[in-house]
Amino acid sequence: TYTKVHEICAYVSKTYKVDYSVSGMNDWLKKNGFSYKKPKGIPAKADAEQQKKFVKKYDKLMNETPEDEPILFGDCVHPTQATRITYGWIRTGKDKLIATSASRTRLNIAGAINLEDMKVISQQFETINSASMVEFFKIVQKSYPSAPKIHLILDQASYHRSAEVKEFVATEDCRIVIHLLPPYSPNLNPIERLWKIMHEHVSNNHYFASAKEFRQKINWFFDKKLPHIAWSLQDTINDNFQMIDDKKLQLGS
């Protein structure tokens, strides 16, 4: 992956014996469908076969689960107060200066999303561990008081698979049914896209002068902003999974 056009010019000259100027190569790249952007990172340890098996199980779950049993995707996120500098439109030849903070203040949020109605359940905790996940499961159950079962799809974090969590799920009062994603498969969890949207509305290119201001902005997103934009996010947050296959892994190596 070349970062400088003059490097591409050198490659073309050496490989094809054709010489381009930098401006000429710029024009050629644009005309032939190239653009300057970041590569997408994919987990190197992802198992393509396991991901395919999960998608089959998910399709079966969607087709055979009764309508009164909601299916949710869950995850935890840990936004920090530190300024996140990201891309944005800036007038050519100008710089845009944004104050930065290296504050290590962070929030620990457990969340779940129902893709059918875009309902989001979220809760902040002092720390994310087995006890907080059990508490979050209870909150999820309260959100669906009449559901006989609540299917919750989670990654394989240790606090999702702990003895304490398994003990709670096995109790008679628990209506949560856990479905684990394959290891290293964030691409199969749509709620990951919700966290990206949260950062776009809250922390990208934004400086927080205090932890209080940061916390208030996070609360504003979940309590005020998200309910108003949830339905508009269906094209972004959905189960059209971006599959990882062995060929993609080999191309990225």
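In a simple Cβ point-charge model (Lys, Arg +1; Asp, Glu -1; nothing else charged), the range 112-187 has a dipole of about 120 debye relative to its Cα centre. Here the scattering of the range 157-250 is modelled by Debye summation over its C-alpha atoms, one equal scatterer each and no solvent; at q = 0.11, 0.16 Å⁻¹ the log10 of I(q)/I(0) is -0.55, -0.98.
Binning the alpha carbon pair distances of the range 1-92 at 5 angstrom intervals from zero yields the distribution 2, 8, 10, 11, 11, 9, 11, 12, 10, 7, 5, 2, 1, 0, expressed in whole percent. Local charge for Gly24 was computed over the other residues whose Cβ lies under 13 Å away, with Lys and Arg +1 and Asp and Glu -1, and equals 0. Taken over the range 47-116, the ratio of Cα radius of gyration to 2.2 N^0.38 Å equals 1.86. Among residues other than Tyr36 with Cβ under 11 Å from its Cβ, the summed charge is +4 (Lys and Arg +1, Asp and Glu -1).
Counting only alpha carbon atoms, the long axis of helix 48-64 and the longest principal axis of the chain meet at about 50°.
Surface exposure of the chain, expressed per residue as accessible area with a 1.4 Å probe, stands at 65 Å².
By a straight-distance test (C-alpha under 17 Å), which lysines pair with Lys60 as possible cross-link partners, with residues fewer than eight away in the same chain excluded? In chain and number order, the partners are Lys52, Lys149. Within the accessible surface of the range 52-181, defined with a 1.4 Å probe on protein heavy atoms only, the carbon and sulfur portion equals 48 percent. With a simple spin-label model that places each label point 7 Å from the Cα along the Cα-to-Cβ direction, the separation between Thr105 and Thr1 comes to 3.3 nm. Rounded to the nearest 5, the antiparallel percentage of DSSP beta bridges internal to the chain is 60%.
Hey, what angle do you get for helix 130-143 against the long axis of the chain, alpha-carbon based, 0 to 90 degrees rounded to 10? Helix 130-143 and the main axis of the chain meet at about 80 degrees. Size descriptor for the range 89-227, Kirkwood hydrodynamic radius: 17.3 Å (Cα pairs only, one decimal). Here the Karplus relation 6.51 cos²θ - 1.76 cosθ + 1.60, evaluated at θ = phi - 60°, turns the backbone of the range 222-227 into coupling constants of 6, 8, 10, 6, 4, x Hz, with x for every Gly and Pro. Positive end of the dipole of the range 1-152 (Cβ unit charges, origin at the Cα centre): among Pro79, Thr65, His151, the Cα lying farthest that way belongs to Pro79. Computed from backbone phi, the HN-Hα couplings of the range 19-25 come to 9, 10, 7, 4, 5, x, 5 Hz, rounded to whole numbers (Karplus: 6.51 cos²θ - 1.76 cosθ + 1.60, θ = phi - 60°; Gly and Pro given as x). The ratio of the alpha-carbon radius of gyration of the chain to the globular-protein estimate 2.2 N^0.38 Å is 1.24. List the chymotrypsin sites (Phe, Trp or Tyr not before Pro) in the range 30-105 that DSSP assigns to loop (not H, G, I, E or B) and whose Cβ has at most 11 other Cβ atoms within 10 Å. Which are they? Here the chymotrypsin sites (Phe, Trp or Tyr not before Pro) that fit, given the DSSP loop and packing criteria, are Tyr36, Tyr87, Trp89. Would you mind working out the magnitude of the charge dipole of the chain relative to its Cα centre, with +1 at each Lys and Arg C-beta and -1 at each Asp and Glu C-beta, to the nearest 20 Debye? Once rounded to the nearest 20, the dipole reads 1280 debye.
The values are calculated or read from the model by the stated rules, or taken from the named source; none is laboratory data. Keep in mind that this is a model prediction, so the values were computed, not measured. As a convention, Cβ positions derive from the backbone with ideal geometry for all residues, glycine included, and neighbour counts pool all protein chains shown. In case anyone asks, the SASA skips ligands and DNA or RNA and just uses the protein heavy atoms, side chains included. Shrake-Rupley method; radii C 1.70, N 1.55, O 1.52, S 1.80 Å.
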